[in-house]
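For reference, the structure discussed in these notes is given below.
No value in this document is a laboratory result; all are computed from the given coordinates. Remember, it's a predicted structure, so these values are computed and weren't measured experimentally. Note that we place each Cβ from the backbone using ideal geometry, even for glycine, and neighbour counts take in every protein chain shown.
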Amino acid sequence: MEDKKTEIAKEKTKLTKKDIFQTFIFENFQQASFNFETIHGLAFCVDMIPTIRRVYKSKEERVKALKRHLAFFNVTPAFCGPVVGITMAMEQGRSEGEEIDEGTIQSLKVGLMGPLAGVGDPLMWGTLRPILAALGASLALQGSWFGPLIFFFAFNGVRLGLKWYGLKLGLDRGLALVKDISGNLLPKLTEGATVLGLFIMGVLVTKWTTINIPLVVSRTTTGGKTTVTTFQQILDQLCPGLPALGLTLLMMYLLKKKVNPIILIFALFGLGILGYGLGILK
Amino acid sequence: MSILQIILIFIWSSIVGSGSVLDEFQTHRPLIACSIMGLILGDPAKGLVLGGTLELIALGWMNIGAAQSPDSALASTISTILVIVGGQSIGKGIAIALPVAAAGQVLTVFARTITVAFQHAAVKAAENANFRAIEILHFSALFVQALRVSIPTTLVAVFVSPDMVKAMLDALPKVVTGGLTVAGGFIVVVGYAMILNMMSVKYLMPFFYLGFVLGGYLKLSLLAFGIVGLIFAILYVQLNPKFAHPVKAVAESNQSNSGGDLADDELED
């Protein structure tokens, strides 16, 4: 009797087809709350809601899980499936007592999103859409309604396929991974994922941040030619991306000191407006 | 223009505006946005041709990473009205579309700044494990983007005066719009810092700096960086004495060996 009860209780914390389908629907609104601070942060949390609701029953665990997934996230929208799927599997594993810590989940997310965006952006925006749009536009110019129709249905067909099968792939692979987690593998996965995640974060800090300081430092005229040296050029010679790294480290420090992130956001917007007004930032 | 048409324009331009941020269904692309606008305005043939022409110009307008492209949504809706209702040529419509696309880009920067507040409200809701509130916040952020396109479009539809819209946009001080665009380039560092604080393990931080330096100097795709990062991760795990337990491994012989291989395979996936 007792066994049966725990069995039933356990069944209720397993992801159902309905949960997976609802996640798939949510995934189609991946950029609805696109914001400059966390890009898809809020969207990823919403993607995870069906999972969190299913696998965690105590309020404390739910709060922790929700907050965990409100963090920065960004990928080509059509390629979010694998990351969401694998994270669902990790959360289910964690709820069942596997020792998967927060850092591992975050690192996996970051480690996957960078490379996926690397494939997704050129494939969707640089290849698939221009080809279909050019085909559609040429038909439209001849006055044919097949132009917009082919573009709409072909693009969305591919996109929905990527979302659905990406999600399934991530989930299946993730569940297999969680099932095999034993002994030596878990700490290896944790450390390996963290190495990958931190490495990708380092790349993103310099690639996905734009700071330009065209402040003129010196102006030298030799033989009628004027050479202008800006602050940005000096920084780039030292190492590209230093202002972005400096700001990131400063924010990490201030957040650890419990400074409210809203204040940091306002301060950075202030910095942007002030810097632009004074001609220091562009 | 009839009341029904104005209502339909408002609804369709809201869908176009939502589409411009979602970038999923592609309703914000000129090919679709202009065609349906033409249908609403009673001249589908002109809408179709304008859509096709504008689409070819906008082929390269794409959002890469966190950056924004010129806004095809507002450009499509407003130029269709001016061509069909204002009786302008297709060429004139294109000429109007380009500055409107730039103005739309400014508006979307505003919208993406406003949605930072939605993100923070969601963090508050998460403290109470309020699923419903988080979902509502996420989806209502879409309305900001919908209104960003539908309000200017409907104003143009009612008054058929692009000058008025342009004057309104020009009234925004340049220092604020320019400043927000500049800040939009780096505000994301707060997001980076939060996630780094969550996953950072002090003794692994060198890998973060390694990524930063390589990212600054190497012109590789993010996929290639992913592979490089994965190789570092595998090397680190394989060479780390912490994971090598020679005595046990010998005792368990083959079985543990195959287990180890499996583990590495899984990591690669």
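Some notes on this structure:
- Net charge dipole size for chain B [Lys, Arg +1 and Asp, Glu -1 on Cβ; Debye, nearest 20]: 860
- Of B:3, B:200, B:176, farthest towards positive along the dipole that unit charges on Lys, Arg, Asp, Glu beta carbons give chain B: B:176
- Over chain B: Kirkwood hydrodynamic radius from C-alpha pairwise inverse distances, Å: 22.3
- For chain B, relative contact order (Cα pairs under 8 Å, six or more residues apart, normalised by length) works out to 18 percent.
- Taken over the protein assembly as shown, the alpha-carbon convex hull comes to 186 cubic angstrom per residue.
- Order of B:2, B:200, B:18, B:69 - criterion: other Cβ atoms within 10 Å of each residue's Cβ, fewest first: B:2, B:69, B:200, B:18
- Peptide packing for A:209-222, A:61-74, A:79-92 was compared via the average number of neighbouring C-beta atoms within 10 Å per residue; ordered from the highest value, the list is A:79-92, A:61-74, A:209-222.
- Straight-distance crosslink candidates among lysines, where the alpha carbon sits under 29 Å from residue B:46 and sequence neighbours closer than 8 are dropped: B:92, B:166
- Each other residue within a Cβ distance under 13 Å of residue A:263 adds +1 if Lys or Arg and -1 if Asp or Glu, for a net charge of +1.
- Relative contact order of region A:2-207: 25 percent, from C-alpha pairs under 8 Å at least 6 residues apart in sequence.
- Surrounding net charge for residue A:248, when Lys and Arg each add one and Asp and Glu each subtract one, Cβ distance under 14 Å: +1
- A Cβ-based charge dipole, computed about the Cα centre of region A:91-198 with Lys and Arg at +1 and Asp and Glu at -1, lands at about 580 debye.
- Inter-chain Cβ neighbour count for A:269-275, averaged per residue, equals 6 (cutoff 10 Å, partner chain atoms only).
- Choice from A:112, A:141, A:169 showing the highest fluctuation, given a GNM over chain A with Cα pairs closer than 10 Å: A:141
- Point-charge dipole on Cβ atoms (K/R +1, D/E -1) for region A:2-207, about Cα centre, debye to 20: 440
- With Cα atoms defining each centre, region B:206-229 and region B:97-145 are spaced 31 Å apart in the structure.
- For residues of B:28-39, the mean tally of beta carbons on other chains within 10 Å: 4
- Degrees, to the nearest 10: A:17-27 long Cα axis against longest axis of chain A: 10
- Leading residue at positive end of dipole, the protein assembly as shown (Cβ point charges), from A:201, A:116, B:93: B:93
- Sorted ascending by nearby beta carbons within 10 Å, beginning with the fewest, A:158, B:237 become A:158, B:237.
- Relative exposure of A:175, A:268, judged by other C-beta atoms within 10 Å (fewest first): A:175, A:268
- Peptide A:207-217 has a mean shielding of 4, counted as Cβ atoms of other protein chains within 10 Å of each residue's Cβ.
- Here the calculated FRET efficiency for residue B:172 and residue B:224, from their Cβ-Cβ distance with R0 = 41 Å, stands at 0.50, rounded to the nearest 0.05.
- Rh (Kirkwood; distinct C-alpha pairs) - region A:2-207, Å: 18.4
- Out-of-range pairs (alpha-carbon distance over 27 Å; input A:17/A:188; A:207/A:282; A:64/A:188; A:64/A:109; A:225/B:219): A:17/A:188; A:225/B:219
- Cα centroids of region A:198-226 and region B:38-86: 35 Å apart.
- Around the amide H of residue A:73, modelled in the peptide plane, lie the amide H atoms of A:40, A:41, all under 5 Å away and 5 or more residues distant in sequence or on another chain.
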